[in-house]
1. Hey, among 145, 177, which residue is of a type outside the set (A, V, I, L, M, F, W, C), modelled with pLDDT under 95 and either exposed (fewer than 14 other Cβ atoms within 10 Å of the Cβ) or within 16 Å of the chain's Cα centre (by Cα) (or both)?
2. Would you confirm whether any residue within the stretch 145-160 is outside any loop (DSSP other than H, G, I, E, B) and farther than 15 Å from residue 84 by Cα?
3. Can you find a residue in the stretch 41-54 that is more than 30 Å from residue 147 (Cβ to Cβ), in contact with a Phe, Trp or Tyr (Cβ under 7 Å, 6 or more places away or on another chain), touching a residue at least 40 places away in the same chain (Cβ under 8 Å) and crowded, with 16+ Cβ neighbours inside 10 Å?
4. Scan the stretch 94-104 and tell me whether some residue there is among the polar types (S, T, N, Q) and in contact (Cβ under 8 Å) with a residue 40 or more places away in the chain.
5. Quick check on the stretch 195-251: of everything there that is under 15 Å from residue 179 (Cα atoms) and among the polar types (S, T, N, Q), which residue is surrounded by the fewest Cβ atoms within 10 Å (Cβ to Cβ)?
6. Count, please, the residues in the stretch 67-110 that happen to be in a helix (DSSP H, G or I) and charged (D, E, K, R).
7. Exactly one of these conditions fails for residue 147: (1) of a type outside the set (Lys, Arg); (2) closer than 26 Å to residue 36 by Cα; (3) in contact with a strand residue (DSSP E or B) (Cβ under 7 Å, 6 or more places away or on another chain); (4) without any contact (Cβ under 8 Å) to a residue 60 or more places away in the chain. Give me its number.
8. Looking only at residues in the stretch 98-110 that are closer than 17 Å to residue 34 by Cβ and hydrophobic (A, V, I, L, M, F, W, C), which one is surrounded by the most Cβ atoms within 10 Å (Cβ to Cβ)?
Amino acid sequence: MNLGIALPIIANIDIDNQLKIAIKAEQLGFKSVWASDHIIIPQEWKGRFSDIFPDPFIMLTAISQNTSKITLGTSAIILPYRNPIIVAKMLSTLDNLCNGRLICTVAPGWMKEEFDILGVPYEGRIPKTEEFIKILKNLWSENPDPFEGEFYKFKNVSFQPKPMQDKLQIWMGGNADGAIQRAVDYADGWQPIWFSPEELKNKILFLEKYADEKKVNINREIYNISLRNRILITGDKDNGDNPDTALIGQKDEVFDKILAYRDLRIKEVVLDFISPNIDEILETMEIVGNELIPEL
């Protein structure tokens, strides 16, 4: 099992800090770094996120030019927000700039107010997500096939550059059963958030059962399950007040909580920082990188 880093979208963490975190993650042996996606934050949701929310495509492009081996990921691109043909071009270009280190997690989105501001219909976002994934895969193939969907159609087109990877993986984000089903039907992996080991175990059983019913071969040795989870190392022992879905407590407690996911045979745990202090974040990264990663 690997460990990754989600670029924090919390107060006081600016673009320069995000870049610093990504570079440090590679130095410490973390396997991946992930950029999230919201374009504009409606007043109703102000305070849940930082006011500083970098564009994930540009942020990962900057990181790609300042690192050499760490995997870069979107977590998750809200696919219905944008024209999928343009998204396909941005992702394939980025995959070339990072020498084939990119993974693209996508999701239908949930913040209706943001859809409204962007002028994008909230209804229909699920079928759009499914169709747009098909468009990405089609355009990334050697010779794009004619495509006729509900929302887009094209034929006799060329599309360059292709991704550097033979297969640029698409993962599905989300916790709901529908997200898991979409992960099986359309994606190469699944990336939920904030599940305890027991909850995640049950969700994986659901995934495997659904795959069997659909006769989709899910080889758990290569099918990617990546969990994002909140982390905060404190000086206080966890007395049960913290949610069991979060990695909160003293160092050894946090380590044990992370290691509990290893038996589930998932690809990685991606750490989401709760602290808004850049020095605390870097300190936590050093503790995990120097003391836990060697055990994995």
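1. Details: 177 fails: modelled with pLDDT under 95.
The unique qualifying residue is 145.
2. no
3. The first filter runs over the stretch 41-54 and keeps only residues more than 30 Å from residue 147 (Cβ to Cβ), leaving 41-54.
Subset that is in contact with a Phe, Trp or Tyr (Cβ under 7 Å, 6 or more places away or on another chain): 41.
Adding the requirement that they be touching a residue at least 40 places away in the same chain (Cβ under 8 Å) leaves 41.
Now drop any that are not crowded, with 16+ Cβ neighbours inside 10 Å, which leaves 41.
Looking through the stretch 41-54, at least one residue is more than 30 Å from residue 147 (Cβ to Cβ), in contact with a Phe, Trp or Tyr (Cβ under 7 Å, 6 or more places away or on another chain), touching a residue at least 40 places away in the same chain (Cβ under 8 Å) and crowded, with 16+ Cβ neighbours inside 10 Å.
4. Looking for residues that are among the polar types (S, T, N, Q) and in contact (Cβ under 8 Å) with a residue 40 or more places away in the chain, one finds at least one in the stretch 94-104, hence yes.
5. Only one residue fits best here, namely 202.
6. So in the stretch 67-110, the residues in a helix (DSSP H, G or I) come out as 79-81, 84-97.
Restricting the remaining residues to those that are charged (D, E, K, R) gives 89, 95.
The number of residues fulfilling the criteria is 2.
7. (2)
8. 106
The values are calculated or read from the model by the stated rules, or taken from the named source; none is laboratory data. Since we're looking at a predicted model, the values are computed, not measured. Note that we place each Cβ from the backbone using ideal geometry, even for glycine, and neighbour counts take in every protein chain shown.
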